[in-house]
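Some notes on the structure that comes next.
The values are calculated or read from the model by the stated rules, or taken from the named source; none is laboratory data. Keep in mind that this is a model prediction, so the values were computed, not measured. Cβ coordinates were reconstructed from backbone atoms using ideal geometry, including for glycine residues, and neighbour counts include every protein chain displayed. Areas reflect the complete protein model, heavy atoms only, side chains present, ligands, DNA and RNA absent. Shrake-Rupley method; radii C 1.70, N 1.55, O 1.52, S 1.80 Å.
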Number of protein chains: 2
Amino acid sequence: MNDLIIRPATAEDLPAIVAMLADDPLGATRESPEDLTCYREAFALIVADPHQHLVVAERAGRTVGTLQLSVIPGLSRRGATRTVIEAVRIHADERGAGLGTDLIEWAVARSRELGADLVQLTSDRTRTDAHRFYERLGFTGSHLGFKMPLTEKV
Amino acid sequence: MNDLIIRPATAEDLPAIVAMLADDPLGATRESPEDLTCYREAFALIVADPHQHLVVAERAGRTVGTLQLSVIPGLSRRGATRTVIEAVRIHADERGAGLGTDLIEWAVARSRELGADLVQLTSDRTRTDAHRFYERLGFTGSHLGFKMPLTEKV
């Protein structure tokens with residue numbers, strides 16, 4: 001079995017990341033992998049912000065997973081810093097093989113290194129398999145997540 | 001009725017903000033308003049990050065509300081930028097008087113100014129009144145929010 005490398009994403013990774021974002025029951029309706037312009041613009045914003053950590057998982061030279069970790073300092077909970085995990089995707093060829101666990105465990109360990117007191121994420125209510133997965137990894141589904149679109153993009 | 005001012009928080013606002021964080025069924029067990037040291041450290045991190053917007057609502061010279069808005073660029077949803085609303089608190093004297101609506105509507109308008117495509121927040125599953133409030137304001141409770149504490153602080 002080839003070793004897994006988790007490393008910061010580069011602009012060259014964008015086609016593979018966007019393909020993974022789109023290859024998903026919810027992502028299929030939300031993404032436009034045929035035109036990367038909007039993703040390149042967003043990538044520039046991400047790399048310009050030192051508190052954003054967009055990574056890819058690579059195995060044998062292939063991009064097999066991705067997630068984004070964001071660091072948010074705050075006052076509540078005695079001045080707790082939290083990290084937020086977003087946009088977790090596993091390549092179809094790797095699903096069910098433990099890569100999701102590796103990626104989330106990496107994100108939790110990286111959150112500790114970044115000084116976070118709390119790590120959090122939201123998951124669409126229809127993704128019931130994902131909910132069991134996060135609970136097995138030690139997360140508690142204690143909150144409801146509310147969203148409101150502001151533009152035509154989302 | 002005195003006009004409401006919503007403005008960036010300063011270090012001088014910390015005692016009033018922490019008092020509001022603590023004056024809450026969940027916050028009462030989580031906060032330590034008798035010692036502001038950890039809050040001052042966290043405040044320094046917040047003001048050092050241009051993507052964090054911690055504000056207070058002021059009426060007739062009194063601090064009556066607070067929230068924090070965080071800007072997170074991302075690749076998913078066609079490179080959508082999202083804002084996250086955290087640590088919303090309304091002074092006990094002002095509850096039920098529409099200030100919560102004013103604050104959230106301000107946060108949504110500010111999110112648009114900041115270029116966000118989506119605004120999101122999580123709310124503890126026990127805060128059922130808050131859930132109805134967010135739905136009335138146009139949010140959809142489409143997600144489950146998962147958290148994992150990493151330190152003794154939270």
> All but one of (1) at pLDDT below 95; (2) of a type outside the set (Gly, Ala, Ser); (3) open to solvent by 40 Å² or more (accessible area, probe 1.4 Å); (4) in contact with a strand residue (DSSP E or B) (Cβ under 9 Å, 6 or more places away or on another chain) hold for residue A:94; which doesn't?
Replying inline: (3)
> Failed condition for residue B:61, given (1) under 15 Å from the mean Cα position of the chain (by Cα); (2) modelled with pLDDT under 95, with all others met?
Replying inline: (1)
>> Here is a check on your reading of the model: is residue A:151 surrounded by fewer than 15 Cβ atoms within 10 Å (Cβ to Cβ), within 7 Å of chain B (Cβ to nearest Cβ) and more than 17 Å from residue B:150 (Cα to Cα)?
In response: yes
> Are any residues in region A:28-53 surrounded by 13 or more Cβ atoms within 10 Å (Cβ to Cβ), hydrophobic (A, V, I, L, M, F, W, C) and closer than 14 Å to residue A:8 by Cβ, and if so, which ones?
Replying inline: A:43, A:46, A:47
> Of (1) open to solvent by less than 40 Å² (accessible area, probe 1.4 Å); (2) part of a helix (DSSP H, G or I); (3) at the interface with chain A (Cβ under 7 Å from one of its Cβ atoms), residue B:103 satisfies all except one. Which?
Replying inline: (3)
> Looking only at region A:115-136, which residues are more than 8 Å from chain B (Cβ to nearest Cβ) and open to solvent by less than 50 Å² (accessible area, probe 1.4 Å)?
Replying inline: A:115, A:130, A:133
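Every residue, every condition in (1) more than 8 Å from chain A (Cβ to nearest Cβ); (2) farther than 21 Å from residue B:10 by Cα; (3) outside any helix (DSSP H, G or I), yes or no:
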| site | (1), (2), (3) |
| --- | --- |
| B:67 | yes, no, yes |
| B:74 | no, yes, yes |
| B:85 | yes, no, yes |
| B:96 | yes, yes, yes |
| B:107 | yes, no, no |
> Looking at this structure, is residue B:21 in a helix (DSSP H, G or I) and in contact with a Lys or Arg (Cβ under 8 Å, 6 or more places away or on another chain)?
Replying inline: yes
